[in-house]
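Notes to accompany the following structure.
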Amino acid sequence: MGMHMGISMIMAFKSTLSFLFFACFRAFGFTLLSIPFLYTSLVWGLVSLASHPSINLPMLLGKNPDGSIPIWSKIMFGPYLYIVRAFSLVRRYSLDEDSYTEVCEGVYVGGWPHSPDKLPPGNPAIVDCTCELPRLEEFKGHSYLCVPTWDTRSPQPLEIESAVKWASRKRALNRPVFIHCAYGHGRSVAVTCALLVALGVAEDWKKAELLIREKRPYIQMNSLHHKSLEEWSKHRLSSR
């Protein structure tokens, strides 16, 4: 989704639609049936606001540094969290694309590993760029870093730098690294571009993007990803 508003517009539309259903049911006297639509409308409205680029608060969903999503969030934001998870699985199965791709030796980028067979080989260290999808219990033994980011949004330059330093240390120990978001198309690609520059595989993030696209053709970074990478590059160059 390359449009600038991305998830905010989609959630605002869904919130409005749910509210209309609520109003219709209420008008016809189905008060009890209308309440879930009102609740869903409020949840999606909150997500729409919190994911707007000028606000950008992925912490709204409360995802913990260990990748778990707390009970209060599952209850409060259930209409969003569970629908997103279901949609992610359906879309992943409908895509003719590998779950992950090795873009250079020991560096993998891909989608949310919803089962053990979706994880690259070699006990990889995991960089998770989602704020809406949980880390599975099966992966608790893997080194893990969470960079919580909304879908269609980008990690901030300092978050990218933090992830790159962490992943570079793992590679220095000859440990494979797996960077993922929901589909391995946007958020995770932005971090992977920066990592390829840091590892000396690519001269700059633009060349890194081309390299990744050759191996994973359906990547789709947007203007927000590009802006963060540009700012990360400037900060990195100026700090040398």
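Throughout, read-outs are computed from the coordinates displayed, never taken from laboratory work. Since this is a predicted model, take the numbers as computed values, not measurements. Glycine gets a Cβ as well: all are built from the backbone with ideal geometry, and neighbour counts include every protein chain shown.
Here the label points at residue 59 and residue 39, each 7 Å from Cα along the C-beta direction, are separated by 2.7 nm in the simple model. If you find the alpha carbon centre of region 179-223 and of region 1-61, how far apart are they in angstrom? Here the answer is 31 Å between Cα centres. Pairs of Lys residues in the chain are counted when their Cα atoms are under 24 angstrom apart and they lie 8 or more places apart or on different chains; the count is 29. Using all pairs of distinct alpha-carbon atoms, the Kirkwood hydrodynamic radius of region 99-238 works out to 14.5 angstrom.
When you restrict to C-alpha pairs under 8 Å that are six or more residues apart and normalise by the size of region 24-103, the relative contact order lands at 18 percent. For the chain, relative contact order (Cα pairs under 8 Å, six or more residues apart, normalised by length) works out to 20 percent. A simple count of charges around residue 54, restricted to other residues whose Cβ falls under 14 Å of its Cβ and scoring Lys, Arg +1 and Asp, Glu -1, yields +2.
Among 221, 76, 11, the largest mean-square fluctuation in a Gaussian network model of the chain, built with springs joining Cα atoms closer than 10 Å, belongs to 76.
Taking Lys and Arg as +1 and Asp and Glu as -1, the other residues whose beta-carbon sits under 12 Å from that of residue 87 total +2. Bridge orientation summary for the chain: considering DSSP beta bridges with both residues in this region, about 25 percent are antiparallel. Each 10 Å bin from 0 upward holds the following percent of the Cα-Cα pairs of the chain: 8, 32, 34, 18, 7, 2, 0. The residues 212, 219, when put in order of fewest to most other Cβ atoms within 10 Å, stand as 219, 212. Taking every full run of DSSP H in the chain, the ones that stretch at least 27 Å from end to end by Cα along their long axis and average -1.0 or higher on the Kyte-Doolittle scale are 7-27, 31-50.
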